[in-house]
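Student: Structure provided below as structure tokens; questions to follow.
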Amino acid sequence: MNKTIIVSNRLPLQIDISNDKLRITPSVGGLATGMKSVHEEGKTLWIGWSGLKEEDLDDTLTRKVDQAVAQEHCAAVSLTGKDLDNFYYGFSNRTLWPLFHYFMEYTYFENIQWESYKRVNRKFADMVLKHTDDGDTIWIHDYQLLLLPELIKRERPNASIGFFLHIPFPSYEVFRTMPWREELLRGMLGADLLGFHTYDYERHFLSSVRRILRLDTHFNEISYEGRTIRVDSFPMGIDYRKFHNAAIAHGRQNEAQKSDLQKRLDTHLLSTPGAKMILSIDRLDYTKGIPNRLRAFEYFLEKYPQFREKVRFVLLAVPSRSNVPQYQLLKKETDELVGRINGRFSSVSWTPIWYFYRSMPFENLIDLYTSCDVALITPIRDGMNLVAKEYIATRVDQSGILVLSEMAGAAKEMNEALLINPNNFEQIADTLKRALEMPVEEQAERNAFLQQRLERYSVDKWAGEFLKALRATRKLHHVMVSR
Ligand code: GDG
């Protein structure tokens with residue numbers, strides 16, 4: 001029987017070892033969260049890195065890890081500390097990530113890192129080949145594995161290979177600066193179907209294929225080495241029911257069931273009647289626009305002093321890639337900005353910003369989503385942004401306003417949100433005021449549309465549509481070949 005294999009850089013789990021005992025917990029992150037419901041059906045095998053370095057495991061531990069991940073329907077690719085430095089922190093996160101998000105000044109092009117990227121993609125290919133036969137369906141995820149489709153296609157020409165990019169694909173003018181642009185495009189073209197979050201990313205990719213590889217494209221199809229490759233947009237959704245139902249259950253909690261965080265949030269709201277809360281949640285990443293957001297909030301307090309003591313900004317920044325220098329600088333900048341703004345505006349009874357630098361359990365995420373009146377999500381660039389969607393899904397009484405950057409892929413489907421340009425502080429300040437003063441009827445009207453759409457295009461639907469399109473692409477290929 002043909003199998004379906006999911007491949008991503010990280011397995012969707014976190015393994016902790018203490019006294020030679022393993023503890024496995026599900027991990028945090030856009031992809032892990034999104035694909036979980038597909039994988040939970042148990043019919044797929046997920047291949048990726050376990051999160052543990054090769055040199056930290058002896059033979060016995062390696063066996064234990066392999067067995068433990070196998071029970072979760074996963075298989076682990078082994079990576080060394082050097083692989084991580086050069087492939088993950090290096091080429092993936094100091095070359096591809098900044099370049100694809102238009103941060104050219106942060107982009108390093110280093111041959112050692114490129115060589116490592118190729119080697120690690122080969123390691124992934126070997127593991128995939130070990131677990132697949134020619135008729136299988138293989139769904140590869142994200143920018144760490146751009147070369148993998150071609151490596152597999154060469155040896156499994158009849159496998160159906162899908163590739164989905166979770167981050168933006170940049171315009172040709174930006175992509176062309178990449179020294180290894182041709183190899184990367186050819187790597188991706190090993191897939192039969194290439195998926196992007198938005199039509200713009202799809203268009204950018206097709207344009208690079210035409211101009212760099214000089215290939216003909218016909219609408220969204222590319223003819224390449226006797227195959228027809230389809231390119232399409234599949235905006236990723238969320239597990240709407242999970243967030244919505246968690247919020248309903250949250251609303252029914254009695255005092256004893258409430259988390260400490262919720263009790264603190266309640267105390268704040270009770271002690272300041274009419275006070276409003278603004279929320280943002282993201283990994284601490286320069287693409288997410290956290291310093292801009294803080295400066296815009298500071299400007300808002302300057303421009304509209306009537307909101308001082310009346311609003312609180314809850315900023316949750318989840319630690320991320322802290323080995324990369326730019327992320328360390330961003331942490332410093334964020335800490336300083338929060339300190340400066342709190343120092344400038346705080347009173348005896350009020351601190352404008354509550355800043356959390358940590359990851360929180362799911363229950364606390366629901367506490368925050370359901371307690372905050374406004375979600376302020378202002379990335380400079382973002383492939384999609386699932387937090388924006390999750391916030392809306394938890395608003396069971398349809399109150400709450402989403403202020404969202406136009407630069408997030410999510411903005412393309414969330415027109416009823418208040419859309420802003422993350423570089424325009426004047427606009428952000430005015431929009432915040434508008435959000436905080438918006439009548440509940442208007443909030444409900446906007447959120448009703450958003451919720452309907454999110455419920456309909458849930459993550460299951462997204463995965464289902466992608467896999468359906470992948471099957472259709474392969475059928476199309478077989479028809480063309482047998483003609
Ligand atoms: C990439 C792209 C694209 C966050 N903090 C905690 C936590 N989270 C969960 C959120 C959400 C996910 O992590 C973050 O997803 P995003 O989409 O916002 O952002 P990235 O991590 O940058 O994801 C992005 C995504 O891939 C999918 O394609 O949308 O554009 O950059 O689900 O809920 N979860 C828990 N605790 C936290 O502290 N439990």
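The values are calculated or read from the model by the stated rules, or taken from the named source; none is laboratory data. Source: prediction; values computed, not measured. Neighbour counts are summed over all protein chains in view; Cβ atoms, including those assigned to glycine, are modelled from backbone coordinates with ideal geometry.
Student: So Arg264 passes all but one of these: (1) part of a helix (DSSP H, G or I); (2) over 20 Å from Arg312 (Cβ atoms). Which condition number does it fail?
Tutor: Condition (2) is where Arg264 drops out.
Student: Just to verify a result, which residue in segment 152-172, among those that are more than 25 Å from Ser207 (Cβ to Cβ) and without any contact (Cβ under 8 Å) to a residue 60 or more places away in the chain, is nearest to the ligand (Cβ to nearest atom)?
Tutor: Step by step, filter segment 152-172, then rank; the result is Ile152.
Student: Right, next: Among the helices (runs of 4 or more DSSP H) lying completely within segment 136-195, list those that include at least 1 residues that are within 24 Å of Arg471 (Cβ to Cβ).
Tutor: Filter on segment 136-195 gives 148-155, 181-188.
Student: Here is a further query. Within segment 225-250, take every residue that is among the aliphatic types (A, V, I, L, M) and free of Cβ contacts under 8 Å to residues at least 40 places away in the same chain and give me the one that is surrounded by the most Cβ atoms within 10 Å (Cβ to Cβ). So that I can check it myself, show each step before the final result.
Tutor: From segment 225-250, those among the aliphatic types (A, V, I, L, M) are 229, 231, 236, 238, 246-249; that's our starting set.
Imposing the further condition that a residue be free of Cβ contacts under 8 Å to residues at least 40 places away in the same chain reduces the set to 231, 249.
Details: Val231: 25, Ala249: 12.
Result: Val231.
Student: Output the qualifying pairs, or none if there are none: Cβ atoms under 8 angstrom, residues six or more apart or on different chains, first residue in segment 54-68 and free of Cβ contacts under 8 Å to residues at least 40 places away in the same chain and farther than 17 Å from Gln14 by Cα, second residue assigned to a helix (DSSP H, G or I) and not basic (Lys, Arg).
Tutor: Listed by first residue and then by second, the contacts come to Glu55/Gly81.
Student: Quick one: which residue in Asn292, Asn323 is more than 27 Å from Thr370 (Cβ to Cβ) and more than 16 Å from the ligand (Cβ to nearest atom)? I'd like the intermediate steps shown before the answer.
Tutor: Working: Asn292 fails: more than 27 Å from Thr370 (Cβ to Cβ).
Being more than 27 Å from Thr370 (Cβ to Cβ) and more than 16 Å from the ligand (Cβ to nearest atom) holds for just one of Asn292, Asn323, which is Asn323.
Student: While we're here: For a quick check of your reading of the model, give me the residue pairs whose first member lies in segment 201-214 and is assigned to a helix (DSSP H, G or I), whose second is among the polar types (S, T, N, Q), with beta-carbon atoms closer than 6 Å and at least 6 apart or on different chains.
Tutor: Within 6 Å, the pairs are Glu202/Ser233; His204/Ser171; Leu206/Thr217; Arg210/Thr217.
Student: Right, here's the next one. Using beta carbons and a limit of 8 Å, which pairs, at least six apart or on different chains, have the first residue in segment 284-295 and more than 14 Å from Glu336 (Cβ to Cβ) and the second one buried (at least 22 other Cβ atoms within 10 Å of the Cβ) and of a type in the set (Asp, Glu)?
Tutor: Here the result reads Thr287/Asp382; Lys288/Asp382, each pair linking segment 284-295 to a residue that is buried (at least 22 other Cβ atoms within 10 Å of the Cβ) and of a type in the set (Asp, Glu).
Student: Counting just the residues of segment 378-398 that are among the polar types (S, T, N, Q) and within 13 Å of the ligand (Cβ to nearest atom), which one comes out farthest from Leu265 (Cα to Cα)?
Tutor: If we take residues in segment 378-398 being among the polar types (S, T, N, Q) and within 13 Å of the ligand (Cβ to nearest atom), then Asn385 is farthest from Leu265 (Cα to Cα).
Student: Out of everything in segment 15-61 that is more than 26 Å from Asp126 (Cα to Cα), part of a loop (DSSP other than H, G, I, E, B) and more than 16 Å from the ligand (Cβ to nearest atom), what residue ends up being modelled with the highest pLDDT?
Tutor: Asn19
Student: Give the residue, chosen from Thr394, Thr431, that is in contact with a Phe, Trp or Tyr (Cβ under 7 Å, 6 or more places away or on another chain) and within 30 Å of Phe300 (Cβ to Cβ).
Tutor: Working: Thr431 fails: in contact with a Phe, Trp or Tyr (Cβ under 7 Å, 6 or more places away or on another chain).
Of the residues listed, the single one that is in contact with a Phe, Trp or Tyr (Cβ under 7 Å, 6 or more places away or on another chain) and within 30 Å of Phe300 (Cβ to Cβ) is Thr394.
Student: Only residues in segment 371-385 that are within 13 Å of Ile420 (Cβ to Cβ) count as the first member; pair them with residues that are among the aromatic types (Phe, Trp, Tyr) and surrounded by 21 or more Cβ atoms within 10 Å (Cβ to Cβ), Cβ under 6 angstrom, at least 6 apart or cross-chain, and list the lot.
Tutor: Ala375/Tyr391
Student: Looking at (1) out of contact with any strand residue (DSSP E or B) (no Cβ under 6 Å at 6 or more places or on another chain); (2) crowded, with 16+ Cβ neighbours inside 10 Å, which is the one condition that is false for Asn323?
Tutor: Every listed condition holds for Asn323 apart from (2).
Student: In this structure, is Asn9 in a strand (DSSP E or B), modelled with pLDDT of 90 or more and of a type outside the set (Asp, Glu)?
Tutor: When the stated conditions are applied, Asn9 passes them.
Student: Here is a further query. From the list Lys263, Lys276, exactly one residue is farther than 28 Å from Phe169 by Cβ, surrounded by 16 or more Cβ atoms within 10 Å (Cβ to Cβ) and away from the ligand (no atom under 16 Å from the Cβ). Which is it?
Tutor: Details: Lys263 fails: surrounded by 16 or more Cβ atoms within 10 Å (Cβ to Cβ).
Unique residue meeting the criteria: Lys276.
Student: Still on this structure: Only one of these conditions is not met by Leu330: (1) surrounded by fewer than 20 Cβ atoms within 10 Å (Cβ to Cβ); (2) within 16 Å of the ligand (Cβ to nearest atom); (3) within 20 Å of Phe425 (Cα to Cα). Which number is it?
Tutor: Evaluating Leu330 over (1) surrounded by fewer than 20 Cβ atoms within 10 Å (Cβ to Cβ); (2) within 16 Å of the ligand (Cβ to nearest atom); (3) within 20 Å of Phe425 (Cα to Cα) leaves (1) as the failure.
Student: If you don't mind, there's one more thing I want to ask. Restrict the check to segment 458-477 and report whether at least one residue is modelled with pLDDT under 95, within 27 Å of the chain's Cα centre (by Cα) and not in a helix (DSSP H, G or I).
Tutor: yes
Student: Among the numbered criteria (1) surrounded by 15 or more Cβ atoms within 10 Å (Cβ to Cβ); (2) in a loop (DSSP other than H, G, I, E, B); (3) not aliphatic (A, V, I, L, M), which single criterion is violated by Gln253?
Tutor: Condition not satisfied by Gln253: (1).
Student: Out of the residues in segment 285-320 that are surrounded by 19 or more Cβ atoms within 10 Å (Cβ to Cβ) and assigned to a loop (DSSP other than H, G, I, E, B), state the one that is farthest from the chain's Cα centre (by Cα).
Tutor: Taking the candidates together, the pick is Gly289.
Student: Now for a separate question. Among Val387, Val481, which is of a type in the set (Val, Ile, Thr), at pLDDT below 95 and either touching a His at 6+ places or on another chain (Cβ under 8 Å) or in a helix (DSSP H, G or I) (or both)?
Tutor: Val481
Student: Identify all residues within segment 337-377 that are near the ligand (Cβ under 9 Å from one of its atoms), more than 19 Å from Gln398 (Cβ to Cβ) and either outside any helix (DSSP H, G or I) or among the hydroxyl-bearing types (Ser, Thr, Tyr) (or both); write none if there are none.
Tutor: Phe356, Arg358, Ser359, Met360, Pro361
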